[in-house]
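Peer 1: Take this structure, written in structure tokens, and hold onto it; I'll ask about it next.
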């Protein structure tokens, strides 16, 4: 079996990223499960602890094969919509039965919903080297209304690039958002990789 984790953290353009994840779709879950993928559950529990209405729609951005959506469902979120670049990953996500709807998106395209559609969004394991740029954080935050929350994670590779935490500071330093949660912990214990989970609330 090809070890895609070895390739996942190498920077590349959007087309190459989509191709990688299309090719990885069939074996993705087995590979990350083998390494104890912990971040989806950590993100879901962090957001749940700060959410009053678990029935409100939530967006799972970069949902991949649906492991993040499954974690959100297990945490009690009831109306989950997914977006991803990879058609093959979305096909696998659809088999989970946890999504209200799933849509494919293009890199850098406008998001296919109006501002305020979601009071909560998740970008679990999405931003970082070999994946989405920090611009995604700004795009998602702009789509939230005041009081909306975004849960996301940076693994240790993403944390090594100061631009990523700098993107968080762009929102918090000026008071445009509040950092409600930040915790470093397990990500892929099998390869000794950790991640930090964040929850931002838009002011």
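Peer 1: Does region 86-112 hold any residues that are in contact (Cβ under 8 Å) with a residue 60 or more places away in the chain and either part of a helix (DSSP H, G or I) or closer than 19 Å to residue 39 by Cβ (or both), and which are they?
Peer 2: If the condition is that a residue be in contact (Cβ under 8 Å) with a residue 60 or more places away in the chain and either part of a helix (DSSP H, G or I) or closer than 19 Å to residue 39 by Cβ (or both), then 86, 87, 88, 89, 91, 92 are the ones that fit.
Peer 1: Answer yes or no: is there a residue in region 138-156 that is free of Cβ contacts under 8 Å to residues at least 40 places away in the same chain, in contact with a strand residue (DSSP E or B) (Cβ under 6 Å, 6 or more places away or on another chain) and either under 20 Å from residue 72 (Cα atoms) or not in a loop (DSSP other than H, G, I, E, B) (or both).
Peer 2: There is at least one residue in region 138-156 that is free of Cβ contacts under 8 Å to residues at least 40 places away in the same chain, in contact with a strand residue (DSSP E or B) (Cβ under 6 Å, 6 or more places away or on another chain) and either under 20 Å from residue 72 (Cα atoms) or not in a loop (DSSP other than H, G, I, E, B) (or both).
Peer 1: Given the conditions (1) exposed (fewer than 15 other Cβ atoms within 10 Å of the Cβ); (2) out of contact with any helix residue (DSSP H, G or I) (no Cβ under 6 Å at 6 or more places or on another chain), which single one is not true for residue 118?
Peer 2: Condition (1) is where residue 118 drops out.
Peer 1: Another question about this same structure. How many residues does region 157-196 hold that are within 19 Å of residue 46 (Cβ to Cβ) and either modelled with pLDDT under 95 or in a strand (DSSP E or B) (or both)?
Peer 2: 18
Peer 1: In region 28-50, is there at least one residue being more than 26 Å from residue 156 (Cβ to Cβ) and in contact (Cβ under 8 Å) with a residue 40 or more places away in the chain?
Peer 2: The answer is no; no qualifying residue exists.
The values are calculated or read from the model by the stated rules, or taken from the named source; none is laboratory data. Note that this is a predicted model, so its numbers are computed, not measured. Backbone-built Cβ (ideal geometry, glycine too); neighbour counts: all protein chains shown.
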